[in-house]
Amino acid sequence: MSLSYAESSKTPPNPLDLLEEIVGANEWPHERASGEELAVEINGRWCDYRLFFLWQEDMSALHFSCLFETRVATEKHGDIHSLLALINEKLWLGHFDLCSEQGTPMFRHTLLLRGAGAASVEQLEDLVDVAISEADRYYPAFQFVMWGGKSAAEAMEAALIEVVGTA
C-alpha cells in the first residue's frame, strides 16, 4: 500500500520570524545565526537551558532542541540511556535524548506545519513551555544518576515525588 497525497505548493512562512518576536518580548538572550536557525538562552528552575530552533522549509518542519547546561561523563552514558527510556515512556510530546558528541541531555521535538499554514503564537509558546516544564521536571533525575549514584528507577522515583504543602 502506498500513500497518495496532493502536494501543496504553498510553504508556510518561516516560524523563526514569529519566534524571534516572542523571544524579544520576553527579553531572552538570543542569536539568529541564519534565516533557518535561532538560538535562545533561558533560565530554568534548576539550570540554564539553550534552545535551538531549526526551520527546514522543504519539509515545512520546525525542529526544536532544549539542551541542559550539564555534561554526562562517558562512564554514565549507559545509566543515562536507561533513565531516558523511563522518562520517554511518560511523555506525550517530544522526547529526551543524549547528544553523543557533547554528552549533553536534551529535550527534542519537531513541529510539522505542512498544510497547517503559519505556526501560531500559541503553538510556539506551548513548544517552549512543554520543553522547559519537562526539563525542569526531570532534571533532578539526571542529577541523581550522574552525581548521586542512583539507578534510573531510583532516580525517577525520587525525582517524581509529589510535595504536599509548603515549608
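Scanning region 54-99 for residues that are at negative phi and assigned to a loop (DSSP other than H, G, I, E, B) gives E69, T70, R71, V72, A73, L91, W92, L93, C99. Quick one: in region 108-145, which of the residues that are of a type in the set (A, V, I, L, M) and out of contact with any strand residue (DSSP E or B) (no Cβ under 9 Å at 6 or more places or on another chain) is nearest to F68 (Cα to Cα)? Across region 108-145, the extreme among qualifying residues is A141.
Can you tell me which residue within region 64-86, out of those that are of a type in the set (A, V, I, L, M, F, W, C) and closer than 18 Å to M156 by Cβ, is surrounded by the fewest Cβ atoms within 10 Å (Cβ to Cβ)? Give the derivation first.
As a first pass, look at region 64-86 and keep what is of a type in the set (A, V, I, L, M, F, W, C): 64, 66-68, 72-73, 80, 83-86.
Going one step further and asking which of them are closer than 18 Å to M156 by Cβ, we end up with 68, 72, 80, 83-86.
Numbers: F68: 24, V72: 21, I80: 21, L83: 28, L84: 19, A85: 11, L86: 16.
If we take residues in region 64-86 being of a type in the set (A, V, I, L, M, F, W, C) and closer than 18 Å to M156 by Cβ, then A85 is surrounded by the fewest Cβ atoms within 10 Å (Cβ to Cβ).
Taking the criterion of being within 13 Å of the chain's Cα centre (by Cα) and surrounded by 15 or more Cβ atoms within 10 Å (Cβ to Cβ), the residues of region 92-109 that qualify are G94, F96, D97, L98, C99, T104, P105, M106, F107, R108, H109. Restricting A61, A131, A153 to those that are crowded, with 20+ Cβ neighbours inside 10 Å, modelled with pLDDT of 90 or more and either closer than 30 Å to S34 by Cα or small (G, A, S) (or both) reduces the list to A131.
To keep it simple, each residue is scored yes or no on (1) out of contact with any Lys or Arg (no Cβ under 8 Å at 6 or more places or on another chain); (2) touching a residue at least 24 places away in the same chain (Cβ under 8 Å); (3) under 20 Å from R50 (Cα atoms).
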{"position": "H81", "(1), (2), (3)": "yes, no, no"}
{"position": "A85", "(1), (2), (3)": "yes, yes, no"}
{"position": "G94", "(1), (2), (3)": "no, yes, yes"}
{"position": "S100", "(1), (2), (3)": "yes, no, yes"}
{"position": "H109", "(1), (2), (3)": "yes, yes, yes"}
{"position": "E122", "(1), (2), (3)": "yes, no, no"}
{"position": "V128", "(1), (2), (3)": "yes, yes, yes"}
{"position": "A141", "(1), (2), (3)": "yes, yes, yes"}
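Of the numbered criteria (1) at pLDDT 90 or above; (2) surrounded by 17 or more Cβ atoms within 10 Å (Cβ to Cβ), the one L113 fails is (1).
The values are calculated or read from the model by the stated rules, or taken from the named source; none is laboratory data. All values derive from a computational prediction rather than experimental measurement. A quick note on method: Cβ atoms are made from the backbone with ideal geometry, for glycine too, and the neighbour counts reach across all protein chains shown.
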